[in-house]
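Here's the structure, in C-alpha cells; my notes come after.
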Amino acid sequence: MAAGFKTAEPMEYHRSFLKENCRPDGRELSEFRTTTLNIGSISTADGSALVKVGNTTVICGIKAELANPTVEAPGKGYIVPNVDLPPLCSSRFRPGPPGEQAQAASQFIADVIESSEVIQTEDLCIERGKLCWVLYCDMMCLDYDGNVLDACVVALLAALKNTQLPEVTVNTETCTPGVTLEKRHGLRINKHPVATSFCIFDDSILIVDPTAEEESLATAQLTVVTDEEDRLYSLHKPGGTSLSGQKLQECISRATVRQREIQKLINKVIHSVKTAQ
C-alpha cells in the first residue's frame, strides 16, 4: 500500500513524513547519511579517494603532468577538475558528451578550488616560466543517489591530501627535466573546504543531504562551502524559491559543523593508513 502511495503521489508521501519531522529513510531533517572514506584506492594515480554518502559513491583520481606555465601566470601551476556522471551511476544520465549537471558540477568544483585556495598554485611551479605541475582531478560518480556535490568535494580534498608528487630537477645545461619517482613529497594543503547541501520543500521546510528522490521533489536546492576557520566560500543556489535570511544562517551554521566532522574523518583515515604502513 505504502509503495503504491509513494509511486502515485510522491510529494504527498514525503509530506506525510515531513509533518512528523522525519524522512522516508528514517533520518531527521538535519541528519546526514553515513559517510565513509577510503584513500589510495587507485594504485596507478598520484592520489585518489573513494567516498560514500549513503548510496551516493564518488571516486576521485589525481594525475600529475609536467607542462609549461601559462603566459599570464608564469610562476604558477594549475588544477583541472572534471566531474563525470556516466549512465552506469543512474538511468537519468545518457551516454555521450557531459550533460548539463556534470558540466555545472565541474564548474562548481573549479570555483571551490579557486575561491578557497585549497592549494597555492605557486607550490606547483617548478621553474618560473618554464616548468610546472598540472593536476588533473577526475571525479567519477559510481552510484547516484543525490547530493553529488558534497561527495565530490570530500573525494577531491581527500585525494589531494593523498597525492604524492615525484621530485623534479631541471638540468641547467640541456634545460630538460629529470624525474625521480622514488623520491616523492605530498602537497601542502592550504585550506579544507567542505560542501554541505540542502533542499527546501514547500518553500519552507529545510532538509540536509537530500537523496535523488528528495532533490527531484524539492522547490529549491542550496550548497554552502565553508572551511576550518568558518570562512564562507560559496553559496550555490541554482534557481528555485527564495530563502529567508534566518534559514540561510541556519544552513551556514550547519555547514560549519559538517566541515569539522568531515575534516576529522579525513584526518582519521589518513592517520590509520599511515600507521598501517
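Details
- Relative contact order [Cα under 8 Å, 6+ residues apart], the range 160-277, whole percent: 19
- Calculated [θ] (222 nm, deg cm²/dmol) that DSSP helices of n ≥ 4 give over the chain, each run adding -39,500 (n - 2.57): -10000 deg cm²/dmol
- FRET efficiency, 1/(1 + (r/R0)^6) with R0 35 Å, evaluated for ASP111 and ASN38 via beta carbons: 0.85
- For the range 85-152, the average shadow cast by the Cα convex hull is 5.8 nm², which is a quarter of the hull's surface.
- Most fluctuating residue given options PHE32, PHE201, PHE17, as computed from a GNM of the chain linking Cα atoms under 10 Å: PHE17
- Remark: accessible surface ordering of HIS192, HIS236 (largest first) is HIS236, HIS192, probe radius 1.4 Å.
- Cα-based shape type of the range 25-80, given that a ≥ b ≥ c are square roots of the gyration tensor eigenvalues and the cut on a/c is 1.5: oblate
- Note on the range 151-277: dipole from Cβ charges, positive end direction compared against THR176, ALA158, GLN246; the farthest Cα belongs to THR176.
- Under the criterion of Cα pairs below 8 Å and six or more residues apart, the relative contact order for the range 28-102 equals 16 percent.
- Accessible surface of MET140 - all protein chains present, 1.4 Å probe, nearest 10 Å²: 70
- Sequence-distant contacts, meaning Cα pairs under 8 Å at least 6 residues apart, place the relative contact order of the range 60-186 at 34 percent.
- Euclidean distance of C-alpha centroids, the range 90-123 and the range 10-62, integer Å: 18
- Put a dot 7 Å past the Cα of LYS264, heading toward its Cβ, do the same for ASP25, and the two dots end up 2.1 nm apart.
- Among SER242, SER41, SER116, residue whose mean-square fluctuation peaks in a GNM of the chain (springs only between Cα atoms under 10 Å): SER242
- Dipole axis of the chain (+1 Lys, Arg; -1 Asp, Glu on Cβ), positive-most option in THR121, CYS22, ALA45: ALA45
- Accessible area (Å², 1.4 Å probe, nearest 10) - HIS185: 90
- Mean projected area (nm²) of the alpha-carbon convex hull when the range 132-212 is viewed from all directions: 8.0
- By a 1.4 Å probe calculation restricted to protein chains, LYS237 has an accessible surface near 70 Å², given to the nearest 10.
- Taking all protein chains together and a 1.4 Å probe, the residues LYS19, LYS247 rank LYS19, LYS247 from largest to smallest accessible area.
- Kirkwood estimate for the range 161-251, i.e. one over the average of 1/r between Cα atoms, Å: 16.7
- Cα-based equivalent ellipsoid of the range 22-149: semi-axis lengths in Å, sorted from largest, via gyration tensor: 32, 16, 14
- Efficiency of FRET between HIS185 and SER216 - r from beta-carbon atoms, R0 41 angstrom, step 0.05: 0.35
The values are calculated or read from the model by the stated rules, or taken from the named source; none is laboratory data. All of these numbers come straight from a predicted model, not from anything done at the bench. Virtual Cβ from ideal backbone geometry, glycine too; neighbours counted across all protein chains shown. Ligands, DNA and RNA are excluded from the accessible area calculation, which covers all protein heavy atoms including side chains. Shrake-Rupley method; radii C 1.70, N 1.55, O 1.52, S 1.80 Å.
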